[in-house]
1. Which residues make up the longest stretch of the chain that has no trypsin sites (Lys or Arg not before Pro) in a DSSP loop with at most 14 other Cβ atoms within 10 Å?
2. What is the dipole size for the chain, taken about its Cα centre, with +1 at each Lys and Arg Cβ and -1 at each Asp and Glu Cβ, in debye to the nearest 20?
3. Along the charge dipole of the chain, Cβ charges K/R +1 and D/E -1, which of Q3, I96, G25 sits furthest on the positive end?
4. I'd like to know which of A107, A58, L47 lies farthest towards the positive end of the charge dipole of the chain, counting +1 on Cβ of Lys and Arg and -1 on Cβ of Asp and Glu.
5. Report the local net charge at A103: Lys and Arg +1, Asp and Glu -1, summed over other residues whose C-beta lies under 14 Å from its C-beta.
6. First check a/c for the chain, with a ≥ b ≥ c the square roots of the eigenvalues of its C-alpha gyration tensor; if it is under 1.5, answer rounded, and if not, answer prolate when a/b is larger than b/c or oblate otherwise.
Amino acid sequence: MAQRVVVTLYDDIDGDEATETITFGLDGKSYEIDLNPANAKKLRKALAPYVHAGRKAARAVKVAKTLKYTSLTPDPAAVRAWARSHKMEVPPRGRIPKKVYEAFEAAN
């Protein structure tokens, strides 16, 4: 049995469907917010003067990658079962090769 997981983002400001997650920092803390295009534009416009006048921190702060779309990897047990049923070699434990995941995604 195959599964398809769909993640829907909702705008943290007005509750509409969001299209992106924006990561930003202030006072040494990192934040994420899911926004639709209009609210993302407002946030960028509000921060623009500060970003323009500011400088990058000397010490890099780990910040999560900004995501346009979010997806979850399929259940490894399901991928292994599918691969075995299609005569593909997969280890019984450990990492599943990328080509197996790609074939699974293409078939589903």
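1. 5-54
2. Computed charge dipole of the chain: roughly 720 debye.
3. The one lying farthest along the dipole's positive direction is I96.
4. The one lying farthest along the dipole's positive direction is A58.
5. Taking every Cβ under 14 Å from that of A103, the sum is +2.
6. Prolate, because a/c is 1.5 or more and a/b exceeds b/c.
Values quoted throughout were computed directly from the atomic coordinates according to the rules given, and no laboratory measurement underlies them. Keep in mind it's a predicted model, so treat the numbers as computed, not measured. Every residue, glycine as well, gets a Cβ built from its backbone with ideal geometry; the counts of neighbours run over all protein chains shown.
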